[in-house]
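Worksheet for the structure shown next.
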Amino acid sequence: MKLQNLIKEVKKSWVIYAMLLPTLVYFSIFHVIPLIGMKLAFQEFRIMGANEWVGLKHFKILFSSPAFIDVLKNTIIISTMKIIFFFPVPIILSIIINEVRSNKYRKFTQSILYLPHFLSWVVIAGVFISLLDPTEGGFNIIRNFFQLPSVDYMTSKDHIRWVLVFSEIWRTAGWDSIIYLAAIMKISPTLYEAAQIDGASSFQQMTKITLPSLYSTIVTVFILNLGFFMNANFDQVFNFTNDSVRSVIDIIDTYVYRIGLVNGQYAYATAASLFKGAIGVVLIFSTHFISKRISGKGVW
């Protein structure tokens, strides 16, 4: 009976499911089917002949490796910095955009904020390298104007992680605000009208109506973001890495790339990748159940 209802629903809304199909195909090819290859983490890879089963050998080597401990620490630090400093920005941007009364100015602002999302990290890395150049970069020219010494941010171990955070905010915050703007659009205008009649200021409307209405969306996005906590954005780090700062921004994904694809240690790299994925699953389920227990709301 359930199967018949499902078929009936698909026939009824076939256009929507057809639009969803390319995404399902993409995730099946690049995210679901590769899970079959995760068994390589428990095997010794052989170019000729069958792979040899070695159990937890690669995981033991992994957790006893100082190099892996360093990249694990870097991943946690960079991801934590991004969660703390990046996560609130799209929420704030969505509220600010919602408060803009001029439609023309709002559309212009949104276009400017969304544009960086469509730039690749190769382009963005080039922009930041030029902007932060110690001799001709605009940022250091401003510092010199105020009699401050130039700083080579791209090769400074003390600054490069902050460069990653701010470049992430610049590229992604505007685009991520779309989720919260959509949630704000669902809020009934009568709530704001009633608040205005009662004499509520714009700030009071924001704190008493807008933010509470965004709570479930914020919780859902936060939990999903924690699922990608161990990623730390391979594309960004790979393009911002140089020999001077590699030791402080080398993350699990770049480590897996270097060990697996460059050095050919496929089984060992698979073990590292599997560990990262397992942590993501644990974080999603943990935060979901904690959120359900505290607020009654979670991802599902």
Of the residues in region 192-210, how many are of a type in the set (Gly, Ala, Ser) and under 33 Å from the mean Cα position of the chain (by Cα)?
-> 1
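Condition check ((1) of a type in the set (Val, Ile, Thr); (2) in contact with a strand residue (DSSP E or B) (Cβ under 8 Å, 6 or more places away or on another chain); (3) without any contact (Cβ under 8 Å) to a residue 24 or more places away in the chain; (4) surrounded by 14 or more Cβ atoms within 10 Å (Cβ to Cβ)) across all residues:
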{"position": "PHE30", "(1), (2), (3), (4)": "no, no, yes, no"}
{"position": "GLN43", "(1), (2), (3), (4)": "no, yes, no, yes"}
{"position": "ILE47", "(1), (2), (3), (4)": "yes, no, yes, no"}
{"position": "MET81", "(1), (2), (3), (4)": "no, no, no, yes"}
{"position": "ILE91", "(1), (2), (3), (4)": "yes, no, no, yes"}
Any chance region 234-245 includes a residue that's among the hydroxyl-bearing types (Ser, Thr, Tyr), touching a residue at least 60 places away in the same chain (Cβ under 8 Å) and in a helix (DSSP H, G or I)?
-> no
Selection from region 108-122 of residues in a helix (DSSP H, G or I) and surrounded by 12 or more Cβ atoms within 10 Å (Cβ to Cβ) yields PHE108, THR109, GLN110, LEU113, TYR114, LEU115, PRO116, HIS117, TRP121
Counting only residues that are at pLDDT 90 or above and among the polar types (S, T, N, Q), which one in region 112-139 is nearest to ILE184 (Cα to Cα)?
-> SER120
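For (1) farther than 30 Å from VAL256 by Cβ; (2) assigned by TED's automatic domain parsing to the domain that holds THR241, each residue gets a yes or a no:
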| site | (1), (2) |
| --- | --- |
| ILE77 | no, yes |
| THR80 | no, yes |
| ILE84 | no, yes |
| ILE92 | yes, yes |
| ILE97 | yes, yes |
| ASP133 | yes, no |
| ASN140 | yes, no |
Please state which of the following conditions ILE142 fails to meet, knowing it meets all the rest: (1) surrounded by 14 or more Cβ atoms within 10 Å (Cβ to Cβ); (2) modelled with pLDDT of 90 or more; (3) part of a helix (DSSP H, G or I).
-> (1)
Qualifying positions in region 53-79 - surrounded by 12 or more Cβ atoms within 10 Å (Cβ to Cβ) and not in a helix (DSSP H, G or I) | VAL54, LEU56, SER65
Taking SER213, is it surrounded by 13 or more Cβ atoms within 10 Å (Cβ to Cβ) and out of contact with any Pro (no Cβ under 6 Å at 6 or more places or on another chain)?
-> yes
Within region 269-288, identify whether any single residue is surrounded by fewer than 14 Cβ atoms within 10 Å (Cβ to Cβ) and outside any helix (DSSP H, G or I), and answer yes or no.
-> no
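The values are calculated or read from the model by the stated rules, or taken from the named source; none is laboratory data. This is a predicted model, so every value here is computed, not measured. FYI the Cβ positions are ideal-geometry reconstructions off the backbone, even for glycines, and counts take in every protein chain you see.
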